[in-house]
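Structure first, then comments.
The values are calculated or read from the model by the stated rules, or taken from the named source; none is laboratory data. Values in this document were obtained by computation on a predicted structure and should not be read as measured data. Heads up, the Cβs are rebuilt from the backbone with ideal geometry, glycines too, and the neighbour counts pull from every protein chain shown. Side chains are part of the model used for accessible areas, which takes the heavy atoms of the whole protein and leaves out ligands, DNA and RNA. Shrake-Rupley method; radii C 1.70, N 1.55, O 1.52, S 1.80 Å.
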Amino acid sequence: MKNLYEVLDINKNSSKKEIKDRYMTLVRKYPPEKEPQKFAEIREAYEILSNPKQKREHDRALEIELEKKRKILKKLEEEADLALKNGDFEKAIKNYKKLLIEETNLKKIKSKLGIAFLKNNNLKEAEKIFKELVETDDSFENNYNLSKVYILLKNYNKAEEYLFRAKEKNEKEEVYLELLDVESYLKNDEQVEKLIHDFLNKYNSNLKIVNYSLNLIVKYIKEENESKIYRLLKKNINKLDSIKLEEGLINEFINLVYKLYYLNMMDSAEVLSERLTSLGCTELDGIIYEKIDRDYDIKEEILDFINDKKVVNILKMPVLFNFIKYEDDIFARNKKENINSIKEYINIEPELIVSSIKIVKVKYPNIYSNLGKIYDNIESLAKKNIEYITNSLIQNDIDRNVFRNNKNNSRNKNIPVNEINDKFEELDEKIGESVEKIKENISNGLEKGIEVIKKKSIYDMVNEVSPKLINKLENFIHKNKK
């Protein structure tokens, strides 16, 4: 059905005078002698709309037609929205384009089409749409969506521009996090630090903010710029209330404390240590940071050693104890626990201890020259444990062979049955004792090892070094039980 209001280019509420004036204007523009078809169309529209009864009939018919059209468009938009939600971006794009031909709410549909282009990785098309929308509607959503396009296009300067424009309109949490990503990529450290501070003033800390703080401190450590580290810690450390020990951050923070200490950044180390202690980090409880004379030539070697994943973490502790002064009772307790942990770990996987100490000797000569006696003793214990297990297994095989040989010999010689039975019993007893001894040794080592893993919270460390360790031990026991 033809919309006569559109023919005359007037609205539905136009008065009779407005309808007539518009008609006369169009007649002058399209006279019958020059534009007969256009004139006839204009004349028909005027006659109907200027007649009250005919106008009412036209309006009713037009409303029925428009309602049908609205339903069709609504269904088309719903299908497009569902396709966008389900990841069928091509269908969503196709339907949104159809809607743009008919839909009056162009901004809404354009925005959805832009999002569909963005998710379908049609980045240039998405950029074009959101740039048009920003020019006509400088809203949070349009600026934020355009920044996402530029992030994917790796145009981080443009992304930064539109993220800040979005932030001015709405300081949402995700805007801060996107800005932190962009500023980190652009290496704008001061801006990263400011954003962390602003975020913590507005929101609770989260894992991403903690990681940004850690990365920034590590960067300042490489620059050996304690003033920046101290400023960042003093400004933000008390706001890091939601650090969860189970998230694995605690070990990173502890290592950070040690690094600060090694670099003689005492004030920063103390601030971080006190905060961690208040959050329940008992590993740092009672540490006294003092400026003591030590060999700074091995500073870099120590830092590399702490981060070396090929060295068992339990073997890094002697270095830490050597460079940190504790109160007497705490020092004694922690040192004793560390020694016990190393001994128990030797029972779990002595080969790994030996290979780690070999790395210390070859790769870290300065550390070995300072702590060689300790590592030599540990290595000696580990080698003895390997030798004991090996000898036990060999003896077990020998006993089995002796049993088989004696049994065969007894058949070849006419030895009395009672002597053969006595020999069998004697051999059985020896084999049983040997097997039980091996079982007991392995089981005790395994039990102690698992207790240490649970008690010392080093499961992640063990899993990092030897992901199949527990399975290996269980298979070993199962095999020897047989």
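Look through GLU351, GLU337, GLU327 and report the one residue that is open to solvent by 50 Å² or more (accessible area, probe 1.4 Å) and modelled with pLDDT of 80 or more. Checking each option against the conditions leaves just GLU351.
When PHE89, PHE117 are screened for being open to solvent by 30 Å² or more (accessible area, probe 1.4 Å) and within 23 Å of LEU153 (Cα to Cα), only PHE89 passes.
Residues being of a type in the set (Gly, Ala, Ser), within 22 Å of LYS172 (Cα to Cα) and crowded, with 21+ Cβ neighbours inside 10 Å: count how many of those fall in the stretch 120-152.
Residues of the stretch 120-152 of a type in the set (Gly, Ala, Ser): 126, 139, 147.
Of the ones still in play, those that are also within 22 Å of LYS172 (Cα to Cα) are 139, 147.
Subset that is crowded, with 21+ Cβ neighbours inside 10 Å: 147.
The total comes to 1.
LEU76 meets the stated requirement of being under 30 Å from LEU133 (Cβ atoms), within 50 Å of the chain's Cα centre (by Cα) and either among the acidic types (Asp, Glu) or surrounded by 11 or more Cβ atoms within 10 Å (Cβ to Cβ) (or both).
All but one of (1) at pLDDT 75 or above; (2) under 21 Å from MET266 (Cα atoms); (3) basic (Lys, Arg) hold for LYS343; state the number of the condition that does not hold. So LYS343 meets the others, but not (2). Can you tell me which residue is modelled with the highest pLDDT among those in the stretch 365-383 that are open to solvent by less than 10 Å² (accessible area, probe 1.4 Å) and under 16 Å from ASP308 (Cβ atoms)? If we take residues in the stretch 365-383 being open to solvent by less than 10 Å² (accessible area, probe 1.4 Å) and under 16 Å from ASP308 (Cβ atoms), then TYR375 is modelled with the highest pLDDT. Screening the candidates LEU263, LEU207, LEU245 for the property of being modelled with pLDDT under 80, open to solvent by 60 Å² or more (accessible area, probe 1.4 Å) and closer than 25 Å to ASP308 by Cβ yields one hit, LEU245. The helices (runs of 4 or more DSSP H) falling completely within the stretch 1-89 that include 2 or more residues that are under 18 Å from GLU102 (Cα atoms) map to 4-8, 52-85.
Across the stretch 83-128, what is the number of residues that are of a type in the set (Asp, Glu), over 26 Å from ARG70 (Cβ atoms) and in contact with a Lys or Arg (Cβ under 8 Å, 6 or more places away or on another chain)?
To start, the set of residues in the stretch 83-128 that are of a type in the set (Asp, Glu) comprises 88, 90, 102-103, 125, 127.
Remaining after also requiring over 26 Å from ARG70 (Cβ atoms): 125, 127.
Among the residues that remain, those that are also in contact with a Lys or Arg (Cβ under 8 Å, 6 or more places away or on another chain) are: none.
Selection size over the stretch 83-128: 0.
Under the condition of being open to solvent by less than 30 Å² (accessible area, probe 1.4 Å) and within 18 Å of LEU73 (Cα to Cα), the residues counted in the stretch 95-114 number 6.
Residues in the stretch 178-202 that are closer than 14 Å to ILE237 by Cα, open to solvent by 50 Å² or more (accessible area, probe 1.4 Å) and either aromatic (Phe, Trp, Tyr) or touching a residue at least 24 places away in the same chain (Cβ under 8 Å) (or both): ASN201 only. LEU66 - would you say it is modelled with pLDDT under 85, at negative phi and loosely packed, with under 15 Cβ neighbours inside 10 Å? Taking the combined requirement at face value, the residue satisfies it.
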